[in-house]
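Step one of this worksheet: look at the structure below.
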Amino acid sequence: MPAKQTIFRLLLKDTDPSADEALALAIPGADITTMRAIMETLLLRKTPQGLFSTVAHFHLLDEPCKQLVLEQIDILYSALRQAMGTNDEQARINTLEIIHRGHAYRAAYLFDQALHDRSARVRQVATEAIYGMVDELYKAGELIATRNLEPNPDPETLCSRMQELADLAEDRLQVVSALQSGLACFNMHLQPRIVEASMWFIDAIGPRFWAMLTVPGSRAGHAAITIFNGLKSPRLVPFAMGGLKHNEFRASIVKALTHCVEPEFWSEWLRQGWRIAQPKTSRSMAAIKELHAMSKGGDLFFQLPAVQQPMLASWLKAVGMPETTKLGALRELQRRGTPTARRAAVWALVRMQEPMANTLLHSIAHDEDPELARMARLELARRNPSAFPLADVTTPTTGSWTPHESAWDAGLDSMTFEEYWSLFDMLKPEQRIRQGTRLLSDRTAIRTVLNRRLIESDTVSQIRALRIIVLLHLAGEFPEHLYRLSQNAHAEVRAAAVTALGGVVTETSRHLLRTAMHDEDQRVQANAVEALAEVGAENVIEELKPKLHSPDNRVRINAVRALLKLGVREAAETLLGMLEEDNRAQRISALWLIEQMGLSSVANRIMKMVEADQDEEVSRRADRLLHKLSEQIPTRPAVRATLKEVPT
């Protein structure tokens, strides 16, 4: 080995071009140690022929030697250009690998030549290299953006970040130029990944992107639609928003958005919501008529980061979904969102002039948040000063608003049952009862709407219809629907239907309720217990007693409530036992029932829980309940007698 080292030291000083040729010829048969020495010598000599040989033989090197070459990428640019022009296919492939792995963005212009290459293998490698480099740039941008969110950076750190952004912008410019060339010659290479990578950077490519994809019969445009339909990647959000403005893409994008339920995609969609400020983009959102992501009260959107929720309000205002759907979503946002999101929802309603928006503002005028209530009342006073005096808005109040309260509620009294249906989930419980009772005068309209909703396949509509039936005591008018829905495939629907069956006193309903008490879903069982007690049966007590031992707190507490009303001693024993259960859910359920039934005779037990319960939440609930019991009407005599029979 010392002799070999001496030879390499001599070759390092030798200026004869034949030395480079000799070193290159030695590469294929060299062992690992010798190969590394050859690479070091060629890189130190820096001759055009030697650097070209380094690129041409790159595929023969082991990984440490490849890393050695990649570390010297700055001296290889001329050799890369030379290798890309050679007839040797492997040398051209090596060039592309070195550009990719060495992050040689300045050499990205060579991809244009590679995508025009006569070799399909070279075109494929070029595609993978471009795709990989664009992916790296995208991730680098995300990382820098995340770091820039850190508060109050010092001047040195700020300058460093600015330099990072400048370098990133320069590298992106080089790669974007290669993407533009790749799109222009798509019909030659037909590599969909070039289109996909371009879809990530449509802002950087600019109008040329859409010009190339919207050409009649464009294969690249067809590839873009196929990619978007299959991936739903958050990186494609800018493409989706931009594509809605073009006739060639609008229908396909709307269809894909309708069925998209990926939280990551919608999270990025709301993060990019600033684009809606552009008038053309805002108008294009009207093409969105339906979203599966909005089902179940828009639960998907409330699982997203809190910082993105406020953008939901302005976007909902722009989409073309039915006004009832938009208003329902805004109401959910106002009820369940973050404080900032709730405020944004009210502002969105203020900017909507539809009659149903007025109705919703009436409801918010009674909100527990005084600021939101004041906003709603101020807007209502602006729209109709004669009906809603401005004094009601400016007068300081505590708790509920008292002045001219009937005037604020008057707007709800003109709603139809269709509007009542649409706003049902938004109304407060007392408003639901009052307005529903008022609308009972037109039972024909009610039956028409509810019959239609009960036969729909949408579970949300079915459950809402069932809740209205229970609230307005209409179960006797829809027995066949209730029988059918009590055996629905969805547990939520079965649970709601079983509750409604409590108002249908027939043998069929009793049979279905007995079956439901053994349903696989605990919610269905719990509701069936309560409904069977309401319907009544010859052996109802014996049928309900086994549920006193159910492991599920909801099933158990419903059985306790039903049997307490019937004066069953075992129910009282079970209730008192639940107050001492190790399971906190059992103790909380027991406290809930005591509050619901006003069982003041167990106040001593509650006082002990306040002092002794180790769970802070349970102790707080017990304390609140103790204060409520002192203000409530005493326990009914029959229930009080049953409780007294149980030793304390």
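The values are calculated or read from the model by the stated rules, or taken from the named source; none is laboratory data. Source: prediction; values computed, not measured. Cβ: placed from backbone, ideal geometry, glycine included. Neighbour counts: every protein chain shown. These area figures cover heavy atoms from the full protein model, side chains too; ligands, DNA and RNA do not enter into them. Shrake-Rupley method; radii C 1.70, N 1.55, O 1.52, S 1.80 Å.
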**Q.** Hits in region 590-619 (condition: in contact (Cβ under 8 Å) with a residue 24 or more places away in the chain and open to solvent by 20 Å² or more (accessible area, probe 1.4 Å))
**A.** Trp592, Glu595, Gln596, Met597, Ser600, Ser601, Ala603, Asn604, Arg605, Asp613, Asp615, Glu617
Q) Within region 233-247, is even one residue touching a helix residue (DSSP H, G or I) at 6+ places or on another chain (Cβ under 6 Å) and among the polar types (S, T, N, Q)? A) no
Q) Counting only residues that are part of a helix (DSSP H, G or I) and either under 18 Å from Ala526 (Cα atoms) or open to solvent by less than 10 Å² (accessible area, probe 1.4 Å) (or both), how many does region 477-486 have? A) 3
**Q.** Cβ pairs under 8 Å, 6+ apart, first in region 134-160 and over 24 Å from His103 (Cα atoms) and of a type outside the set (D, E, K, R), second open to solvent by less than 90 Å² (accessible area, probe 1.4 Å) and at pLDDT 75 or above
**A.** Pro153/Arg161
Q. Any residue in region 407-420 that is out of contact with any Phe, Trp or Tyr (no Cβ under 6 Å at 6 or more places or on another chain), at pLDDT below 85 and not in a helix (DSSP H, G or I)?
A. yes
Q.
Within region 301-313, does at least one residue satisfy the condition of being part of a helix (DSSP H, G or I), in contact (Cβ under 8 Å) with a residue 24 or more places away in the chain and closer than 17 Å to Ser422 by Cα?
A. no
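Can you pull out the residues in region 79-101 that are surrounded by fewer than 20 Cβ atoms within 10 Å (Cβ to Cβ) and either at pLDDT below 90 or more than 19 Å from Arg172 (Cα to Cα) (or both)? Before you say what the answer is, go through the steps one by one.
Taking region 79-101 as the starting set, the residues that turn out to be surrounded by fewer than 20 Cβ atoms within 10 Å (Cβ to Cβ) are 81-82, 85-90, 97, 101.
Across region 79-101, the qualifying residues are Arg81, Gln82, Gly85, Thr86, Asn87, Asp88, Glu89, Gln90.
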Q.
Any residue at all in region 467-476 that's assigned to a loop (DSSP other than H, G, I, E, B), surrounded by 17 or more Cβ atoms within 10 Å (Cβ to Cβ) and free of Cβ contacts under 8 Å to residues at least 60 places away in the same chain?
A. yes
Q. Tell me, which residue of region 249-299 that is open to solvent by less than 70 Å² (accessible area, probe 1.4 Å) and among the β-branched types (Val, Ile, Thr) is nearest to Glu323 (Cα to Cα)?
A. Ile288
Q: Show the residue pairs that are 6+ apart or on different chains and have beta-carbon atoms under 6 Å apart, the first residue being within region 197-210 and over 15 Å from Met241 (Cβ atoms), the second being surrounded by fewer than 17 Cβ atoms within 10 Å (Cβ to Cβ) and among the aliphatic types (A, V, I, L, M).
A: none
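Of all the helices (runs of 4 or more DSSP H) wholly in region 511-630, which have at least 2 residues that are over 14 Å from Val498 (Cβ atoms) and charged (D, E, K, R)? Even if it seems obvious, please write down each step before you answer.
Numbers: elements: 522-535, 540-544, 553-565, 569-578, 584-597, 603-612, 616-629.
Filter on region 511-630 gives 540-544, 553-565, 569-578, 584-597, 603-612, 616-629.
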**Q.** region 41-84, residues that are in contact with a helix residue (DSSP H, G or I) (Cβ under 7 Å, 6 or more places away or on another chain) and either acidic (Asp, Glu) or in contact (Cβ under 8 Å) with a residue 40 or more places away in the chain (or both)
**A.** Val55, Phe58, Asp62
Q. Residues Phe478, Phe417: which one is closer than 19 Å to Ser363 by Cα and hydrophobic (A, V, I, L, M, F, W, C)?
A. Phe417
Q) List pairs: first in region 363-386 and touching a residue at least 40 places away in the same chain (Cβ under 8 Å), second of a type in the set (D, E, K, R), Cβ under 7 Å, 6+ apart or cross-chain? A) Ser363/Lys428; Ala365/Arg377; His366/Lys428
**Q.** Flag for Leu349 being over 20 Å from Asp458 (Cβ atoms), touching a residue at least 60 places away in the same chain (Cβ under 8 Å) and not basic (Lys, Arg)
**A.** no
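Out of Arg342, Arg336, Arg377, report the one residue that is open to solvent by 60 Å² or more (accessible area, probe 1.4 Å) and at pLDDT 80 or above.
Values: Arg342 fails: open to solvent by 60 Å² or more (accessible area, probe 1.4 Å); Arg377 fails: open to solvent by 60 Å² or more (accessible area, probe 1.4 Å).
Of Arg342, Arg336, Arg377, the one residue that is open to solvent by 60 Å² or more (accessible area, probe 1.4 Å) and at pLDDT 80 or above is Arg336.
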Q. Quick one: Lys289 ticks every box in (1) out of contact with any Pro (no Cβ under 9 Å at 6 or more places or on another chain); (2) outside any helix (DSSP H, G or I) bar one, so which box is it?
A. (1)
Q) List the pairs whose first member sits in region 435-462 and is farther than 15 Å from Glu492 by Cα, whose second member is assigned to a loop (DSSP other than H, G, I, E, B) and of a type outside the set (Ser, Thr, Tyr), and whose Cβ atoms are under 6 Å apart, counting only residues at least 6 apart or on separate chains? A) Gly436/Leu472
Q.
For the list (1) open to solvent by 40 Å² or more (accessible area, probe 1.4 Å); (2) in contact with a helix residue (DSSP H, G or I) (Cβ under 8 Å, 6 or more places away or on another chain); (3) under 30 Å from Val610 (Cβ atoms), I need the number of the one condition that Thr508 fails.
A. (3)
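Taking the stated definitions as given, is Ser198 under 30 Å from Ile288 (Cα atoms), among the hydroxyl-bearing types (Ser, Thr, Tyr), within 22 Å of the chain's Cα centre (by Cα) and at pLDDT 90 or above?
Details: under 30 Å from Ile288 (Cα atoms): yes; among the hydroxyl-bearing types (Ser, Thr, Tyr): yes; within 22 Å of the chain's Cα centre (by Cα): no; at pLDDT 90 or above: yes.
No.
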Q: Check Thr258, Thr281, Thr226 and return the single one that is polar (S, T, N, Q) and under 24 Å from Val134 (Cα atoms).
A: Thr226
Q) Is it the case that some residue within region 620-630 is surrounded by fewer than 20 Cβ atoms within 10 Å (Cβ to Cβ), at pLDDT 80 or above, of a type in the set (Ser, Thr, Tyr) and out of contact with any strand residue (DSSP E or B) (no Cβ under 7 Å at 6 or more places or on another chain)? A) no
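Checking the conditions here, which among Ala184, Ala223, Ala129 is open to solvent by less than 10 Å² (accessible area, probe 1.4 Å), in contact with a helix residue (DSSP H, G or I) (Cβ under 7 Å, 6 or more places away or on another chain) and either closer than 21 Å to Asn247 by Cα or in contact (Cβ under 8 Å) with a residue 24 or more places away in the chain (or both)? Reasoning before the result, please.
Values: Ala184 fails: open to solvent by less than 10 Å² (accessible area, probe 1.4 Å); Ala223 fails: open to solvent by less than 10 Å² (accessible area, probe 1.4 Å).
Among Ala184, Ala223, Ala129, only Ala129 is open to solvent by less than 10 Å² (accessible area, probe 1.4 Å), in contact with a helix residue (DSSP H, G or I) (Cβ under 7 Å, 6 or more places away or on another chain) and either closer than 21 Å to Asn247 by Cα or in contact (Cβ under 8 Å) with a residue 24 or more places away in the chain (or both).
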**Q.** Residue satisfying condition, being in contact with a Lys or Arg (Cβ under 7 Å, 6 or more places away or on another chain), part of a helix (DSSP H, G or I) and surrounded by 16 or more Cβ atoms within 10 Å (Cβ to Cβ), within set Val176, Val195, Val122
**A.** Val122
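Only residues that are at pLDDT below 80, in a helix (DSSP H, G or I) and open to solvent by 30 Å² or more (accessible area, probe 1.4 Å): list them for region 144-157, please. Lay out the reasoning, then the answer.
So in region 144-157, the residues at pLDDT below 80 come out as 144-154, 157.
Retained after the next criterion (residues that are in a helix (DSSP H, G or I)): 144-147, 157.
Of everything in region 144-157, those that are at pLDDT below 80, in a helix (DSSP H, G or I) and open to solvent by 30 Å² or more (accessible area, probe 1.4 Å) turn out to be Ala145, Thr146, Arg147, Thr157.
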